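Down below is the structure, laid out as structure tokens.
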Amino acid sequence: MSAKEDGKGRRREKGKAKRIRSLLGVGYWVQGFRGFPWMVVNFFLKDSIKVDPSTLQILQNSANLPMVGKPLYGVVSDAVYISGQHRVPYTAIGAFLQALSWVTIAILSRSNISIFTMSLFLLLSNFGASIAEVANDAIVAEIAKSKTSRSASSGELQSFVWMASAVGGVLGNLLVGIVIDRFSPQSLFLFFGLLLVLQFLVTITVPERSLNLPKSPSNVGIRKQLSELSAALQKTEIAYTIGWFAASYAIIPVLTGTMFFYQTQYLKIDISVLGISKVFGQVVSLLWGVIYNRSLKSVRPRKLLQAIQVTMAALMLSDVLFVRGTYRLMGVPDSIYVVFFSGVLEILFYFKILPFNVLIAQLCPPGCEGSLMAFVMSALALALIVSGYLGVALASYMGITENDFSGFPRGLQIQAFCTLLPILFSSWIPDIEKSKTRTE
């Protein structure tokens, strides 16, 4: 090959990498920024529609039901091509549906917005988000399994999209703390809707052929794709890994709605403090992506996931001391604890996703990346919904209401205990060396 041809090849690779990073960067950045409208939704439901903590948590988790359908969206995107493309068009469709949802909420008058109406449009928004996430996750998985990606540092693209999402989360949560008292909820919903319109416009300008994604057999059909997904899930190491990952979330009865009401209703924590807390959590998430990419990729997944689980339980026990007022008696203001500890605990729930995605991408057979990654995210969504419903049941059992938090410390202790249970069956997570050998 001549030097001139070699130079052209390098320029093509650089152009391809730039297009991939722009498409995925915008997609995952908007995904992280979704914390902005959801914080507004929480306060809108609490202050305007006057829901109680259990109802708020039920609405939060029920809105995630479209995420459970991700395997179907993945199978469709693997098998059904739109104008010769099967990833980018689905990202565009997802962005369009989200934009439609939030813009519609924004233009409705407050008198026309009920719990039912809000729930419908939040379901539509998450339906669009799940379609876009499936397509983007499949692109990441396909590129991670390509030969050029294997020769580069493993997990680099996963770390990039993780950090893009974290940056979006930082900006979204920082901004919401500043503007939520200055603008109406409808104005903020409209702002996010316009961001989604921008994502849609960026997406449709990127031809999928320019990304040089691995070629899939044409006309494989949905039945064939379902058969390949079923075969992948019958592999012991894949099934057990996904089983542990989902169970490690589902088994925890989270009390997020109760904590939100405790901080805002009982402690009267300012909205800006909650925004800064989420910003701090997203900064930690961003640092986690950098640290993992530089130092932790060689750590065995089982050991790393166990460590994350133990850290989560430790911070939950710290929340017990917070609710009992121990830190306040030690001279630590509630707002300081909320900023530095609550934000970290909230984002720590998702730390497992990065090393898990790297592992599952290595285990995934060629040809069903979209279907399998979608199944994983579906299992995660269902697990989080179950976790949220268990939290509602726990709060009810402990007698916790918006005016009575006496049972809250004991509920947090039960939550911490349940968080440690997945360690008992962490042998389900395959050893990374064995995974590499089998994949090769």
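The values are calculated or read from the model by the stated rules, or taken from the named source; none is laboratory data. What you are looking at is a predicted structure, and each value in this text was computed from that prediction instead of being measured. Methodologically, a virtual Cβ is constructed for each residue, glycine included, from the backbone with ideal geometry; neighbour enumeration extends over all protein chains shown. Each accessible area value is taken on the protein alone, full model and side chains, heavy atoms only, with ligands, DNA and RNA left out. Shrake-Rupley method; radii C 1.70, N 1.55, O 1.52, S 1.80 Å.
What the table below lists for this structure:
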| read-out | value |
| --- | --- |
| Among the residues listed as Leu317, Leu348, Leu321, Leu329, the single one being open to solvent by 30 Å² or more (accessible area, probe 1.4 Å), over 30 Å from Gln234 (Cβ atoms) and in contact (Cβ under 8 Å) with a residue 40 or more places away in the chain | Leu317 |
| Check on Ile360, under 17 Å from Pro253 (Cα atoms) and buried (at least 19 other Cβ atoms within 10 Å of the Cβ) | no |
| Top-ranked residue in segment 261-299 [being modelled with pLDDT of 85 or more and in contact with a Phe, Trp or Tyr (Cβ under 7 Å, 6 or more places away or on another chain); ranked as least open to solvent (accessible area, probe 1.4 Å)] | Tyr262 |
| Selection from segment 334-378 of residues that are closer than 24 Å to Asp404 by Cβ and modelled with pLDDT of 85 or more | Asp334, Ser335, Tyr337, Val338, Phe341, Ser342, Leu345 |
| Residue satisfying all of: in segment 100-110; in contact (Cβ under 8 Å) with a residue 12 or more places away in the chain and open to solvent by 10 Å² or more (accessible area, probe 1.4 Å); farthest from Thr205 (Cα to Cα) among these | Arg110 |
| Extreme residue, modelled with the lowest pLDDT, among residues of segment 79-99 that are of a type in the set (Gly, Ala, Ser) and either open to solvent by less than 20 Å² (accessible area, probe 1.4 Å) or on the phi < 0 side of the Ramachandran plot (or both) | Ala79 |
| Single residue of segment 111-136 satisfying the filter (in contact with a Pro (Cβ under 9 Å, 6 or more places away or on another chain) and hydroxyl-bearing (Ser, Thr, Tyr)) that is surrounded by the most Cβ atoms within 10 Å (Cβ to Cβ) | Ser125 |
| Checking Phe260 against (1) part of a helix (DSSP H, G or I); (2) of a type in the set (Phe, Trp, Tyr); (3) more than 24 Å from the chain's Cα centre (by Cα), the condition it does not meet | (3) |
| Subset of segment 172-184 [in contact (Cβ under 8 Å) with a residue 40 or more places away in the chain and out of contact with any Pro (no Cβ under 9 Å at 6 or more places or on another chain)] | Asn173, Leu174, Leu175, Gly177, Ile178, Ile180, Asp181 |
| Segment 191-203 residues that are within 13 Å of Leu23 (Cβ to Cβ) and assigned to a helix (DSSP H, G or I), paired with ones that are among the aromatic types (Phe, Trp, Tyr) and at pLDDT 95 or above (beta carbon under 6 Å, 6 or more apart) | Phe200/Phe96 |
| Those residues of segment 289-313 which are farther than 19 Å from Gln362 by Cα, touching a helix residue (DSSP H, G or I) at 6+ places or on another chain (Cβ under 8 Å) and not hydroxyl-bearing (Ser, Thr, Tyr), in sequence order | Val290, Gln306, Ile308, Gln309, Val310, Met312, Ala313 |
| Near pairs, Cβ below 9 angstrom, 6+ apart or cross-chain, from segment 227-255 (within 27 Å of Ile414 (Cβ to Cβ) and of a type in the set (Lys, Arg)) to any residue that is assigned to a helix (DSSP H, G or I) and open to solvent by 10 Å² or more (accessible area, probe 1.4 Å) | none |
| Candidate set from segment 52-78 (those that are surrounded by fewer than 21 Cβ atoms within 10 Å (Cβ to Cβ) and over 17 Å from the mean Cα position of the chain (by Cα)); member that is farthest from Val140 (Cα to Cα) | Asp52 |
